[in-house]
Amino acid sequence: MISVNARRAAAATILGGIVVVTLLGLGSSAAFADDEDGIGLSVTISPSPTDGSTTPGSTSGTDTPRGSSNPAPATGADPVAPAAETPAPEKGEVDLGGILFVSGVTSVYDWSINPLDGAAETSITVRNVSKSTFSSTVRFWADGPVGNRLSEVKGVKITALKPGESRTVEARLGGIGQSTFVNVHATITPPKMVDDVKLDSITRDQFVVIPPWGILSLGALGGLGFAAYALAQFIRRPSMPAGLVGSPA
Amino acid sequence: MTLELEKMIEEAPAGKPPRPPRAPKPPRVPKPPRRAPRPPKQYAPLSPQVILVRGSLTILAALLIAFAANVTVLSQVQHLVSQQMLHNELREQLSAGTAPVSEGDFDDVLLADGAPLAVIDIPQIDVHEVVVEGTSGDTLKAGPGHRRDSVLPGQQGISVLMGRAAAYGGPFGRIQELAPGDSFTVRTGQGKQVFEVIGVRYAGDPTPASPKAGESRVILQTARGPAFIPSGIAYVDARLRSEVQASGQRQTTFTALPPQDKAMATDTSAVWALVFALQFLLVAQFAAVWAFRRLGAQKTWVVFVPVGVLAVLYVNNQLTLLLPNLL
């Protein structure tokens, strides 16, 4: 039979182990966390591989990993995308009958050690299929589950988008926190007239589910605390000596 | 006591002092309970009406839970099973050269809904699915569907492929991530067709100009908005980059297209089946109650759990048809 002291020692060892593992987990998580500079918003303009190449009409580079060929991320409120060098559309690139084609919005959650922070790395790709070079602006924003505005980046410029050229624009929408259900939007505003065709702004949306890790961690901690309390109660319970049997009074 | 001790010391061998005998421990008195145990609650007997209402609400709650589980979890398994079977069938047809290239099969018999037509591969979003003929809610459970009034992918003209966004594998749930210039392939009975994405658009946006003679396009359609709560339709236009194939005959025109085959349509043509499914569920419930009273709990569980599960699955499958086909 295990004595009370032995059980207490075993319980103390288990609890100590749990605390050490938890602290190690937090430490490693902190090591993987992004550099927190305290600025909620930042913007990255990343030209697709076609931007800098001599064949702007070739296949868009979104099939390569995002950011693999990107320049160093630029931060600021008024960034400008670099222009391509050779405005020579490939045959068949600009006869689709449209002016500007876009992709949907793609968002990747970038978590932070601060449960009230966290960001959505959002991107959208635009393609000029007209016969003219023109510039546009993009506005990114994110709404919470009840339509509350979480973050917004305005006036991201796409300068000198040449015929047949594709360009990917990225923005970092900070302050996502534990919102869980997030609607990310991007609105592209082209010039009002291109090639004698009247253009309107185009909006694309994406619904993103972000695991509320802060709330889940609190719940897990609460569960661990309850388990520790139950264990302690179990250990403190008086043990009956062997052979002791109750007898009628 | 002292005398006994002295006697023991005298009797003991020299150099080893005797141990005094231990006094036995007094038995521990168990602590009295902190509070008196509660007496068991006595409930008033339920009236037959209350029992009926309680039973009905329990069945309704079980049905709702089973419905949610069916749409979110079981549907994914059903889709995987369907895809495996369709892969087997289409592989056989492709190797025999009998894969359909028109609305009829190799024997000129009109293709049934759910017949395998092609394999679509979109590596950027991890899609590898067998495309089936037809786009009703029931057909799209198996995989992406080809709208009957449009040509096959790769043939001259516009081909329309629809796919679910969340339930039953949600094969087209990520097509909005495709960017202009991305390429994907569709393998049909006429070979491998390579497409290049033109762009993503929503309902109401201007559409690309109609393809010229000798051109081929494909339009991928799915629901947009939160998963399982669709708010609209998303389209991905793509144009053929490989050689254009000859068009096969189509018997169905847009006007002849069944209403349940259109985007975001619900299928009410099989509501009668839902009525029968509900009747089957009710009969199973009544039979279970009768067996419980006559034969006992053990035999009732063994017999009626599979029957009840089957009835609930049948009802849920029919209810799913009332949801939008692109969900």
Among (1) farther than 11 Å from A:L173 by Cβ; (2) touching a Gly at 6+ places or on another chain (Cβ under 7 Å), where does A:G118 come up short?
(1)
Which one of A:V138, A:V153, A:V169 is among the β-branched types (V, I, T), farther than 30 Å from A:G219 by Cα, in a strand (DSSP E or B) and more than 17 Å from the chain's Cα centre (by Cα)?
A:V138
Determine, yes or no, whether B:F304 is surrounded by 12 or more Cβ atoms within 10 Å (Cβ to Cβ), in a helix (DSSP H, G or I) and in contact with a helix residue (DSSP H, G or I) (Cβ under 6 Å, 6 or more places away or on another chain).
yes
Determine if the range A:98-119 includes at least one residue that is closer than 30 Å to A:L218 by Cα, within 14 Å of chain B (Cβ to nearest Cβ) and acidic (D, E).
no
Given (1) over 23 Å from A:G164 (Cβ atoms); (2) of a type in the set (G, A, S); (3) out of contact with any Lys or Arg (no Cβ under 7 Å at 6 or more places or on another chain); (4) free of Cβ contacts under 8 Å to residues at least 12 places away in the same chain, identify the lone condition not met by B:S231.
(3)
The range A:113-143, residues that are farther than 17 Å from A:S201 by Cβ, of a type in the set (G, A, S) and surrounded by fewer than 18 Cβ atoms within 10 Å (Cβ to Cβ)
A:S132
Is it fair to say B:L80 is crowded, with 21+ Cβ neighbours inside 10 Å and not charged (D, E, K, R)?
no
Checked the range B:94-124 for anything assigned to a helix (DSSP H, G or I) and either at pLDDT 95 or above or within 14 Å of another protein chain (Cβ to nearest Cβ) (or both); matches are B:P123, B:Q124
Unique residue being within 13 Å of another protein chain (Cβ to nearest Cβ) and surrounded by fewer than 18 Cβ atoms within 10 Å (Cβ to Cβ) when the list is B:A213, B:A209, B:A234:
B:A209
Every pair of residues 6+ apart whose Cβ atoms lie under 7 Å, when the first sits in the range B:270-291 and is under 20 Å from B:T320 (Cβ atoms) while the second is at pLDDT below 95 and among the hydroxyl-bearing types (S, T, Y)
B:A277/B:Y314; B:F280/B:Y314
Within the bounds of the range B:125-144, is there any residue that is assigned to a loop (DSSP other than H, G, I, E, B), out of contact with any strand residue (DSSP E or B) (no Cβ under 7 Å at 6 or more places or on another chain) and under 18 Å from B:V236 (Cα atoms)?
yes
Here the qualifying pairs (Cβ atoms under 6 Å; residues six or more apart or on different chains; first in the range A:176-204 and within 11 Å of chain B (Cβ to nearest Cβ); second hydrophobic (A, V, I, L, M, F, W, C) and in a strand (DSSP E or B)) come out as A:V182/A:A142; A:V182/A:V208; A:N183/A:F207; A:I202/A:V102; A:I202/A:I188; A:R204/A:A186
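The values are calculated or read from the model by the stated rules, or taken from the named source; none is laboratory data. Every value quoted in this text rests on a predicted model; they were computed, and no experiment measured them. Here Cβ is always computed from backbone atoms with ideal geometry, including for glycine, and neighbour counts include all displayed protein chains.
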